[in-house]
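Data first, discussion second: the structure below is written as structure tokens.
Every number here is computed from the coordinates shown, using simple stated rules; none is lab data. All values derive from a computational prediction rather than experimental measurement. FYI the Cβ positions are ideal-geometry reconstructions off the backbone, even for glycines, and counts take in every protein chain you see.
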Amino acid sequence: MDLKSNEPFWLIKNGILNSYPSLQEDTECDVLIVGSGITGSLIAHQCIMDGYNTVLIDKREVCNGSTSATTSMLQYEIDAPLYELKETVGEEKALASYQACSDAIDRLEEISKSIKSNAGFERKKSLYFASTQKDSKWLYKEFEARKAAGFKVEWLTDEEITSRFDIQKNHGGILSKQGASVDAFTLAHELLAINAKKGLRIFDKTELTKVDYKRGFNLCTLSTSASIKAKKIIYCVGYESANMIKEKFVNLLSTYAIISEVDKELWKKYKDVLMWNTSSPYLYMRTSDDYRFLVGGEDEDFRNPQKRDELLADKEQKLVKSFRKMFPDHDFQLDFSWAGTFGETKDALPYIGAHPDFKNSYFVLGFGGNGITFSVTGMEMVSEWLKGKKHKLSEAFKFGR
């Protein structure tokens, strides 16, 4: 491809898979979903399965927000180590959160198979290795916590990691059986297209500009001057929720990613494993389904899109340098680089639930490195909420916790 751009690789690789009209006429529905990325598409899939009259809108082209930039590493591991999370939120919530992410990977595989997806869902192991000797001590403690919780893990020494994965300057790590990767951009498009045939109404270039709360429904005014009378609203808007909710509940970060030219030898070596380390910010790596190698990291506080993208050239060189330092026996021919924005919460858990300032409404905000797996849990939580029930993780993921 020999292309350098701040446009996400998946968007250029896949192009415009499907396009939808803007909404020009007033309508009504049981459920209005705001946001058409992988989260919105999964929630829409659940709502259609549950039999709700559902409308989905997005102010952009569908899937052109964070979903087009995600590196889609599907891990049960949360950004906070299990042993730390147990101390922060309690053992029950911590274990339930980790287990939910593990179950989500299985559920995503089921969904991918059921829709005959071409998004390249692949089962992979996950290697989490220590960058320093100091990190090795707490990482081994994490290994023991995961093993005690029943997760299928093994501890690898630095020599074993070097031997099996050619990774230099490591200090041991955890190899987990549970993990996967997928092209989330393609999967989201597939879910939307399939559910559109089942009655889901999709409108892009349609922005929600105002909500009037009425008795039993919300009257939603749109940028197109049309309106939607919705019994319930589900917000799947990712980091843009920071501009909607008055209290500060998430820290926004910029992250950077590079992907190599097609390299079948490098791909073959690492096609079955996800890799990330304990550096702060951490480096994460995986292969793609089209024989490339992806490296991400170099996170820093988000200021604005312009400042984020101005750093791209410097960040891509740092990521290439990190790769060559870690894998001195392998070459990396840079083909593509891009930047994205994501959210980080104080306890590394998502915000999924109702907010007191938004009546008849529900938020599904994954955040962190587990945004996609949290969104799968969000499917279950939305389904329960719409039925007037409470999910077992409602307290762990609620606003104001």
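In whole angstrom, how far apart do the alpha carbon centroids of the stretch 253-276 and the stretch 295-349 sit? Computed from Cα coordinates, the inter-centre distance equals 13 Å. Only Cα pairs under 8 Å and 6+ residues apart enter the sum, and on that basis the relative contact order of the chain stands at 24 percent.
Given +1 on the Cβ of Lys and Arg, -1 on the Cβ of Asp and Glu, and no further charges, what dipole in debye does the stretch 34-185 carry about its Cα centre, rounded to the nearest 20?
Using only the charged Cβ atoms, the result is roughly 140 debye.
Compute the Kirkwood hydrodynamic radius of the stretch 37-122, taking the inverse of the mean of 1/r over all pairs of distinct Cα atoms, and give it in Å to one decimal. Answer for the stretch 37-122: a Kirkwood hydrodynamic radius of 15.2 Å. With all distinct Cα pairs included, what does the Kirkwood hydrodynamic radius of the stretch 138-297 come out to in Å, to one decimal, could you say? The answer is 20.4 Å.
Under the definition of Cα pairs under 8 Å and six or more residues apart, what whole-number percent is the relative contact order of the stretch 291-352? Contact order relative to length: 33 percent. How much mean residue ellipticity at 222 nm does the chain get from its helices, if each DSSP H run of length 4 or more adds -39500 (n - 2.57) and you divide by all residues, to the nearest 500 deg cm²/dmol? So the calculated ellipticity at 222 nm is -10500 deg cm²/dmol.
As a proxy for reagent exposure, TYR128, TYR213, TYR83, TYR270 were ordered by neighbouring Cβ count within 10 angstrom, fewest first; the result is TYR213, TYR83, TYR270, TYR128.
From least to most packed, judged by other beta carbons within 10 angstrom and beginning with the fewest, PHE121, PHE358 follow the order PHE358, PHE121. Across all directions, the average projected area of the convex hull around the alpha carbons of the stretch 91-217 is 13.2 nm².
Checking [x] 34; [y] 27; [z] 50 against percent of Cα pairs over 34 Å apart calculated from these atoms, the matching label is [y].
Could you tell me which of GLY179, TYR140, THR54 has its Cα farthest along the dipole of the chain towards the positive end, charges placed at Cβ (Lys, Arg +1; Asp, Glu -1), taken about the Cα centre? Highest projection toward the positive end goes to THR54. Calculated on C-alpha atoms, the gyration radius of the stretch 1-80 divided by its Kirkwood radius gives an Rg/Rh of 1.05. Taking the number of Cβ atoms within 10 Å of each Cβ as an exposure proxy, the fewest-first ranking of TRP385, TRP338 is TRP385, TRP338. Structure remark: mean-square fluctuation, Gaussian network model of the chain, C-alpha springs under 10 Å; the largest value among THR377, THR67, THR224 belongs to THR224.
Of the residues ASP135, ASP158, ASP290, which exhibits the maximal mean-square fluctuation in a Gaussian network model of the chain defined by a 10 Å Cα contact cut-off? Ranking ASP135, ASP158, ASP290 by mean-square fluctuation puts ASP290 first. All other residues with a Cβ under 9 Å from the Cβ of PHE9 taken together, and with Lys, Arg as +1 and Asp, Glu as -1, what is their net charge? Here the count lands on 0. Checking the cross-link pairs LYS264/LYS325; LYS86/LYS116; LYS177/LYS197; LYS197/LYS231 against a 26 Å limit on the alpha carbon distance flags LYS86/LYS116; LYS177/LYS197 as lying beyond it.
Note on THR209/GLN133: beta-carbon distance plugged into 1/(1 + (r/R0)^6) with R0 of 41 Å gives a FRET efficiency of 0.15.
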